[in-house]
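Novice: Please find one structure pasted underneath; my questions will follow.
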């Protein structure tokens, strides 16, 4: 599913933006056509991710529980709930910052930084 995204910053689960080992800053730029973010241990990994305009962002569920990815700021995308081994994709088409969350695990948050 491809949707318009102003900016994306992968974030981790838990009440702390550093959860999941992502640190406070954006992760290094993922190269290639697709940047992948895992959903594991009720967290997004990495918590913060840098991607390029035009790149696809793919969330892959590695947990035994369902998750979703819903933009809360800087973009407009909402995935359906999906289980282990399933994924959701959106294409980033504008620079900026996007925050997102798993709505059934509200402490599971992420941020993407989209660069030219």
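The values are calculated or read from the model by the stated rules, or taken from the named source; none is laboratory data. The model shown is predicted, which means the values in this text are computed figures rather than measured ones. Reconstructed Cβ throughout: ideal geometry from the backbone, glycine too, with neighbour counts over all protein chains shown.
Novice: Given the structure, is residue 99 at pLDDT 95 or above and in a strand (DSSP E or B)?
Specialist: Yes: the conditions hold for residue 99.
Novice: Go through segment 72-96 and give me each residue that's in a strand (DSSP E or B) and farther than 20 Å from residue 29 by Cβ.
Specialist: Those that are in a strand (DSSP E or B) and farther than 20 Å from residue 29 by Cβ: 72, 73, 78, 82, 87, 88.
Novice: Which count do you get for residues in segment 59-76 that are crowded, with 16+ Cβ neighbours inside 10 Å and more than 11 Å from the chain's Cα centre (by Cα)?
Specialist: Going through segment 59-76 one residue at a time, the tally reaches 6.
Novice: Still on this model: Does segment 102-114 hold any residues that are assigned to a strand (DSSP E or B) and surrounded by fewer than 15 Cβ atoms within 10 Å (Cβ to Cβ), and which are they?
Specialist: Within segment 102-114, 106, 107 qualify.
Novice: Please go through segment 83-95 and pick out each residue that is over 14 Å from the mean Cα position of the chain (by Cα) and either over 13 Å from residue 59 (Cβ atoms) or crowded, with 17+ Cβ neighbours inside 10 Å (or both).
Specialist: Answer for segment 83-95, where residues must be over 14 Å from the mean Cα position of the chain (by Cα) and either over 13 Å from residue 59 (Cβ atoms) or crowded, with 17+ Cβ neighbours inside 10 Å (or both): 93, 94, 95.
Novice: A follow-up question, please. Go through segment 37-58 and give me each residue that's buried (at least 23 other Cβ atoms within 10 Å of the Cβ), under 20 Å from residue 80 (Cβ atoms) and out of contact with any helix residue (DSSP H, G or I) (no Cβ under 8 Å at 6 or more places or on another chain).
Specialist: Hits for segment 37-58 are 37, 39, 57.
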